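Before any comments, here is the structure.
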Amino acid sequence: MDLPYFIPAFDDIEDPIPVINPATGALVGRIHQGSTIEVDTAVLRASEAFPKWAVIDATERAKVLFKAAALVRNRQAAFAGLLTSEQGKPLKESKNEIAGFARILEYYASISGLLKGDYGNSSAYGHAIVSRKPVGVCGAIIPWNVPAIIMGWKVGPALAAGNSIILKPATTAPLTCIQLAGCLVEAGLPADILQVVTGPGPVVGEAIASHPGIRAVSFTGEVGTGRRVASLAAPYFKRVTLELGGSDPMIVCNDANLAEAAKGAVAGRFFNCGQTCTAVKRLFVDSSVEEEFVHKLQTMISSLKVGNGLESGVDMGPVHSLAQRSLIADQVERTIEGGFGTIKTGGKDITIGNSGSSFFEPTLLSGLDPEAPVLKEEVFGPVLPVMPFETLDDAISVANSTQFGLGASVWTHDTRIVSRACEELQAGIVWVNQHLKIPPEVPFGGTKDSGIGRENGRYALEHYLEEKTILIKP
Ligand code: NDP
C-alpha cells in the first residue's frame, strides 16, 4: 500500500535534511529543516485553534482518536515498512509499534469520560466546583528509538484532554510520525491542533522548550538534553515531564525458571537492537546458577539473526546510526581493554551489505568489574553485561547504585523476595518474572536522573489538565 501522506521530495527546499536507512545507508526521504520561525508560526496557529477544540465535548474528541486509530490500523503494514526503513528495527517490531500507537489512541479515547471529572460540593463558602481545563498549547520532543509509541504517549493524552500540541520528532526518524499525524488530521482533528515541526533539536527543540506560548512540554531523550529542556522551560513555569535514560537491572534468583528468564533477558536487551530506555542493561544472577544461566544466554544470543529489518526472519536490525554504533563499540572496547570484563560472544561491528550499514554483533559480557564503562554508563545498544550476586541485599544494593531509576525486574517465585524487591528497587516500574512490557493503562516514568512526571495511563492526563476552582455563594 502507498503511504498516504508521503512527504514530497523537498527538492525545492533549500538545505533539506536527509533521512537514512541504517541497514543500507540509502536515502529514505528528506525533511524540512525547520527553524524558530516555524515554531513561532506553529504556536500562533495552535493558540488560535485551541479554544474551539478545548470546548468540544470529550466524547466528540474521542471519536476523532478512535477514527485515527482505525486509519492507522488499516495502514499498519505500510507504516511499519517506513518505520523499519528509517529506524532499523525488524518489521515484526515495527508492526507491533504501529499497532501500539493505535492502541494508545484508543485507550485515551476510551477514558475520555474521566475528563469530565468535575465535581461540585458545598462548603461554608457556597457551592464549590472544580473543573479540569486543558492547559493550552503543548510541546512534545521525542527521540528516534520508539518514535510511534512515544508520540502516542504524548499526543494521545494531550488531544484527549483538549489541548493543541506541537510535535518535534527526532531528525533521524521523523517520517513515520508525519504519517501518523496525517491520520489524526484525516480523522477530523481540526487544523493546527496537531502540528509537526521538523528540524535540529538545538534549534526547533529549544524553541519549543523556551517558547512563552507553550504551557507544557513533554520530553523524551538523553539526560543532558532533558536538563537543557527543563532549564529553558523553567523561567516560564511550564509543566514539564522528562523521560530520560535508564540502566535497568534484572535480578535472576536461583529459584527462577531459568529458561524463561534467559528468554526474558534476551528479549529485554536485544529488542530494538538494545535501543530502549527500559532495556535490560545490567543482569544480576545468583552465583549458584550463574554458569548454567550464562550458557543458556550465550546459546540464545549467538543464534540471533542480525540483518536488514525488512527481510524475513531477522531478529535484530542495525544500530540506528553509525555515530551511535561508534559510541557502543567504544564502550565495549574500553571495558575489555581496561581489563574490566570478558566477551562471551559478539563485541564487534559487522558489515552486512554495504559500508553504510551500522550493524553490531549481539554481545554478552561477563566477569565484570563494577567500574566497567558498560556498567557506569548507559549503553544504548545490543550489549548485555552479566554479573553474579551472593545475597539479595547485595543485588538490590548494586542495582540501586546508579544515577538512574527507570525500570527494574526480579525473577523468582518466592513471594518474600518479590515483596522486598518491589519495595526496595529504586525504579518507576518494577516487573516480576518479565521485563519491558508497558501496556497503555499503567503509568510510566523514572526516579532519580531517569526523569520527572509520568506518562501513559490516566496519570498522564495530569500533565495536560489543570484544575480551576469556582466558589458560588448562594
Ligand atoms: P536526545 O536527547 O539527543 O534527542 C531526543 C530529542 O531531543 C530529539 O528530538 C532531538 O532532536 C531533541 N534535541 C536534541 N537536542 C536538543 C536540545 N538542545 N533542546 C531540545 N531538544 C533537543 O536523545 P536520543 O535521540 O539520543 O535518544 C536516546 C536517549 O533517550 C537515550 O539516552 C535513552 O535512554 C533516552 N530515552 C528515554 C526514554 C524514556 O522514556 N525514559 C525512551 C527513549 C529514549 P534531534 O533528533 O534533531 O537531535
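A few comments on the model shown:
- Among beta bridges that DSSP assigns inside the range 329-474, antiparallel share in %, nearest 5: 55 percent
- When HIS320, HIS295 are compared by accessible area of protein heavy atoms, the largest-first order is HIS295, HIS320, using a 1.4 Å probe.
- Remark on VAL240: its backbone amide H falls under 5 Å from those of VAL217, a criterion applied only to residues 5 or more positions apart or on other chains, H modelled at 1.01 Å from N.
- Of the chymotrypsin sites (Phe, Trp or Tyr not before Pro) in the range 225-325, the ones in a loop by DSSP (not H, G, I, E or B) with at most 15 other beta carbons within 10 Å are PHE237.
- Antiparallel bridges, percent of DSSP beta bridges restricted to the chain (to nearest 5): 45 percent
- Cα centroid separation, the range 256-331 to the range 397-415 (Å): 18 Å
- Each listed q (0.06, 0.07, 0.14 Å⁻¹) maps to a log10 I(q)/I(0) for the chain from the Debye sum over equal C-alpha point scatterers, namely -0.27, -0.37, -1.35.
- Distance from the alpha carbon centroid of the range 340-369 to that of the range 180-223 works out to 36 angstrom.
- Separation of the range 224-255 and the range 44-79, taken as the distance between their Cα centroids, equals 28 angstrom.
- In the chain, helical runs assigned H by DSSP with n ≥ 4 each contribute -39500 (n - 2.57); averaged across all residues and rounded to the nearest 500, the mean residue ellipticity at 222 nm is -11500 deg cm²/dmol.
- Shape class for the range 170-305: prolate, because the ratio a/c of the largest to smallest gyration tensor axis (alpha-carbon atoms, square roots of eigenvalues) is 1.5 or more and a/b beats b/c.
- Local electrostatic count at ASN96 - Lys and Arg +1, Asp and Glu -1, tallied over other residues with Cβ under 11 Å: +2
- Relative contact order (%) - criterion: Cα under 8 Å, at least six apart; region: the range 248-439: 28 percent
- Net charge of Cβ neighbours under 13 Å - reference GLY309; Lys, Arg +1; Asp, Glu -1: -1
- Amide H contacts under 5 Å for ALA161, placed H, 5+ residues apart: none
- Of the whole protein surface, ILE178 contributes about 40 Å² of accessible area at a 1.4 Å probe radius.
- Gain in span if fully extended, GLU186 to GLN434, counting 0.36 nm per residue against the direct Cα distance: 85.5 nm
- A 1.4 Å probe run over the protein chains yields, for the chain, 40 Å² of accessible area per residue, whole-number rounding.
- Inter-site label distance for SER110 and ASN400 at 7 Å from Cα along Cβ, in nm: 3.6 nm
- Taking all pairs of distinct alpha-carbon atoms in the range 251-294, Kirkwood radius in angstrom: 10.8 Å
- Whole-Hz couplings from phi, Karplus 6.51/-1.76/1.60, listed for the range 267-280; x for Gly and Pro: 5, x, 9, 9, 4, 6, 6, x, 9, 10, 4, 9, 5, 5
- Relative contact order, whole percent, for the chain stands at 19, derived from Cα pairs under 8 Å and 6 or more residues apart.
- The range 248-439 shape via C-alpha gyration tensor axes, a/c threshold 1.5: prolate
- Compared with the dominant principal axis of the Cα atoms in the chain, helix 147-160 is inclined by about 30°.
- Protein heavy-atom surface of the chain, 1.4 angstrom probe: 55% of the accessible area is carbon and sulfur, with nucleic acids and ligands not counted.
The values are calculated or read from the model by the stated rules, or taken from the named source; none is laboratory data. Source: prediction; values computed, not measured. Cβ sites come from the backbone with ideal geometry, for glycine too, and all protein chains shown count toward neighbours. The accessibility values were calculated without ligands, DNA or RNA, using every heavy atom of the protein model including side chains. Shrake-Rupley method; radii C 1.70, N 1.55, O 1.52, S 1.80 Å.
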